[in-house]
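I have placed the structure first, in the form of structure tokens, so that the comments after it can refer back to it.
The values are calculated or read from the model by the stated rules, or taken from the named source; none is laboratory data. Predicted model only: the values in this text are computed from it and were never measured. All Cβ positions, glycine included, derive from the backbone under ideal geometry; neighbour counts span all protein chains shown. In case anyone asks, the SASA skips ligands and DNA or RNA and just uses the protein heavy atoms, side chains included. Shrake-Rupley method; radii C 1.70, N 1.55, O 1.52, S 1.80 Å.
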Amino acid sequence: MDKISGLLFDLDGVIVDTAKYHFLAWKKLAEELNIPFNEQDNERLKGVSRMASLEIILEIGGRTMSDEEKNSCCDKKNRLYVSYIEKLKKDEILPGVKEFLVDARKKGFHTALGSASKNSKLILDKLEINDLFDAVVDGTKVSKAKPAPEVFEQGAKELNLPSEQCIVFEDAAAGIKAAHNAGMKAVGIGSEKILFEADLIIQGFKDITVSDIIKKLYRIVKK
Ligand code: B16
Ligand code: MG
């Protein structure tokens, strides 16, 4: 086993549940477009970029749009989404995440964010956890969306670590694929049904330490 030194965290669904705010904003836009859109459809948008999310909604509605119209819809959705995020409370951080980050950093692990979101800085500000990351790589820095490995490769680069020394924490199937495409182990947060390609699945960060995770991962890898 390579010495694991870097921990790369997805944002939405791993650190905070912003999916509900994305849903509310997309739902409003879909209603304006007369496209049916429910929480199950919303699952398909997790980890996917803003434009790709709109394209999925258009596909559901069997609709097409010019690039100009698409950009204007994305802007509209984002304005609404940001209005929700502006009200985000720091206690909306998912259970155990802050303690996990603090403990891991105390133990000498380096931490980075690897998110598709272009709003990640605002979210980290609202949660008051900016200083718990050595690097922040998000949709403003990378152009290729997950499952492309770019966001995690860039994260490892900014931590000055080789891929093999990094672990990714992800809640979306596309993110697990992105981690593997970057040559990293992937820990899935959530359902085995969706994240079956992950090297390990956990339900969250409550009462679990990075050492527990590395031990479990290592055992699984050795099988
Ligand atoms: P924004 P992650 C992703 O974040 C979300 O899961 C996804 O639903 C969203 O469309 C995407 O960010 C882009 O977000 O519109 O804020 O740029 O899971 O990669 O942290
Ligand atoms: Mg996510």
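Restricting attention to the range 134-173 and to residues that are within 12 Å of ligand 1 (Cβ to nearest atom) and part of a strand (DSSP E or B), the residue that is surrounded by the most Cβ atoms within 10 Å (Cβ to Cβ) turns out to be Val168.
Could you list, in sequence order, the residues of the range 15-34 that are touching a residue at least 60 places away in the same chain (Cβ under 8 Å) and assigned to a loop (DSSP other than H, G, I, E, B)? Walk me through how you get there before you give the answer.
The first filter runs over the range 15-34 and keeps only residues touching a residue at least 60 places away in the same chain (Cβ under 8 Å), leaving 15-18, 21, 24.
Result: Ile15, Asp17, Thr18.
How many of the residues in the range 145-182 are of a type in the set (Phe, Trp, Tyr) and either at positive phi or over 10 Å from the mean Cα position of the chain (by Cα) (or both)? Walk me through it before giving the result.
Of the range 145-182, the ones of a type in the set (Phe, Trp, Tyr) are 152, 169.
Those still in the list that are either at positive phi or over 10 Å from the mean Cα position of the chain (by Cα) (or both) too: 152.
Adding up the residues that qualify gives 1.
Within the set Lys28, Lys90, Lys107, Lys77, the sole residue that is under 22 Å from Ile167 (Cα atoms), of a type in the set (Lys, Arg) and in contact with a helix residue (DSSP H, G or I) (Cβ under 7 Å, 6 or more places away or on another chain) turns out to be Lys107. For the range 174-193, the set of residues classified as touching a Gly at 6+ places or on another chain (Cβ under 8 Å) and surrounded by fewer than 22 Cβ atoms within 10 Å (Cβ to Cβ) consists of Ala174, Gly190, listed by residue number.
Looking at Lys70, Lys27, Lys46, Lys76 in this structure, which one is open to solvent by 30 Å² or more (accessible area, probe 1.4 Å), within 15 Å of ligand 1 (Cβ to nearest atom) and within 16 Å of the chain's Cα centre (by Cα)?
Within the list Lys70, Lys27, Lys46, Lys76, the selection yields Lys46.
May I ask you to verify whether Leu217 is touching a residue at least 24 places away in the same chain (Cβ under 8 Å) and in a loop (DSSP other than H, G, I, E, B)? Criteria not met by Leu217. Tallying residues that are at pLDDT below 95 and either more than 26 Å from Glu153 (Cβ to Cβ) or in a strand (DSSP E or B) (or both) within the range 174-211 yields 4.
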